[in-house]
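Chemist: Pasting a structure below so you can have a look.
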Amino acid sequence: MKIGIAADHGGYTLKISIVSFLKSLHYEVIDFGAHELDDTDDYPDFVIPMVKAIASNEIDRGIAVCGSGVGACIVANKITGVRAALINDHFSAHQGVEDDDMNVICLGGRITGLMVAQEFVQSFLEARFTGAERHLRRLQKMQQLEK
Ligand code: RB5
């Protein structure tokens, strides 16, 4: 599984920790930046290229981090085929994939601690969409909006 990750200054420190964590689990990681801490940078500049890579199947799943996770989540969902959610609890980290086929997890670098974030990310990456009929039906209703 190829994983993309992106963060602004608010998520920069958490991103560094998640990248090392993912590498320790032998995931292939593409880091879309920020590549340095710059308090004036803007999350869309990093999150948009990352979610475009989801839409074009260059990567399988994405992780978007900003200060709260809110802005990253809003912009991620602007791209067709992206199903991003701001995750602050363990259950939603996997259930969002199992039921809703979530393909981007958004985290708040100023909200979620490093170890908790690692657990959310691992749970997200290990979860699989069930493909149950009711979930497919709901997804299709969402996909109609993207046409
Ligand atoms: C940047 O200071 C901050 O606004 C951003 O990281 C994020 O929290 C937006 O949702």
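The values are calculated or read from the model by the stated rules, or taken from the named source; none is laboratory data. Computed from a predicted structure; not experimentally measured. Methodologically, a virtual Cβ is constructed for each residue, glycine included, from the backbone with ideal geometry; neighbour enumeration extends over all protein chains shown. To get the accessible areas, we keep the full protein, side chains included, count just its heavy atoms, and leave off ligands, DNA and RNA. Shrake-Rupley method; radii C 1.70, N 1.55, O 1.52, S 1.80 Å.
Chemist: If I compute solvent accessible area with a 1.4 Å probe over the protein chains, what percent of it on the chain is carbon and sulfur?
Modeler: 52
Chemist: Lone cysteines in the chain, going by a 4.7 Å Cβ-Cβ cut-off?
Modeler: Cys with no partner Cβ under 4.7 Å: CYS66.
Chemist: A follow-up question, please. Once you list every other residue whose beta carbon is under 15 Å from the beta carbon of CYS66, what net charge do they have if Lys and Arg are +1 and Asp and Glu are -1?
Modeler: So the environment of CYS66 carries a net charge of -3.
Chemist: Now a separate question. Give me the angle, in degrees from 0 to 90, between the Cα long axis of helix 133-145 and the longest principal axis of the Cα atoms of the chain, rounded to the nearest 10.
Modeler: Here the helix axis deviates by roughly 70 degrees.
Chemist: Pairing the Cα long axis of helix 44-55 with the longest principal axis of the chain, what angle in degrees results, from 0 to 90 and rounded to the nearest 10?
Modeler: Roughly 40 degrees between the two axes.
Chemist: Could I ask something else about it? Any idea of THR40's accessible area? Nearest 10 Å², probe 1.4 Å.
Modeler: My reading of the accessible area for THR40 is about 110 Å².
Chemist: Still on this structure: Give a residue-ordered list of calculated ³J(HN,Hα) values for the range 56-72 (Karplus: 6.51 cos²θ - 1.76 cosθ + 1.60, θ = phi - 60°; whole Hz; x for Gly, Pro).
Modeler: Coupling constants for the range 56-72: 9, 6, 6, 10, 8, 9, x, 10, 10, 10, 9, x, 9, x, 5, x, 4 Hz.
Chemist: Quickly estimate the mean residue ellipticity at 222 nm for the chain, helices only: each DSSP H run with n ≥ 4 gives -39500 (n - 2.57), and the total goes over all residues, rounded to 500.
Modeler: Numbers: 6 runs with 69 residues, N = 147.
Mean residue ellipticity, 222 nm, calculated: -14500 deg cm²/dmol.
Chemist: Determine how large the accessible area of ARG137 is when every protein chain is in place; take a 1.4 Å probe and give Å² rounded to the nearest 10.
Modeler: ARG137 exposes around 100 Å² with every protein chain in place.
Chemist: If the cut-off is a Cα-Cα distance under 14 Å, which aspartates and glutamates reach LYS52, setting aside same-chain residues fewer than 8 apart in sequence?
Modeler: Of all the aspartates and glutamates, those that pass the test against LYS52 - Cα under 14 Å, at least 8 places apart if same chain - are ASP31, ASP60.
Chemist: For a quick check of understanding: with a 1.4 angstrom probe and all protein chains in place, what accessible area in square angstrom does GLU146 have, to the nearest ten?
Modeler: Number for this one is 80 Å².
Chemist: May I ask for the net charge around PHE129, where only other residues with Cβ less than 15 Å from the Cβ of PHE129 are counted and Lys, Arg are +1 while Asp, Glu are -1?
Modeler: On the way: positive: ARG61, ARG83, ARG128, ARG134, ARG137, ARG138; negative: ASP60, GLU98, ASP99, ASP100, ASP101, GLU126, GLU133.
Charge balance in the 15 Å sphere: -1.
Chemist: So, one more: How about LYS141: which lysines have a C-alpha closer than 20 Å to its C-alpha, ignoring those fewer than 8 places off in the same chain?
Modeler: Cross-link targets: LYS78.
Chemist: Could I ask something else about it? Using every Cα-Cα pair within the chain, state what percent have a distance larger than 20 Å.
Modeler: 41
Chemist: Counting heavy atoms of the protein chains only and a 1.4 Å probe, report the per residue accessible area for the chain as a whole number of Å².
Modeler: Working: 7430 Å² over 147 residues.
Result: 51 Å² per residue.
Chemist: On to the next question. Collect residues whose amide H, placed 1.01 Å from N in the peptide plane, falls under 5 Å from the amide H of ALA7; neighbours closer than 5 in sequence don't count.
Modeler: GLY33, ALA34, VAL65
Chemist: Still on this model: For ARG83, list long-range residues whose amide hydrogen, built 1.01 Å from N in the peptide plane, is under 5 Å from its own amide hydrogen.
Modeler: Sorted by chain and number, the residues that satisfy this are ASN103, VAL104.
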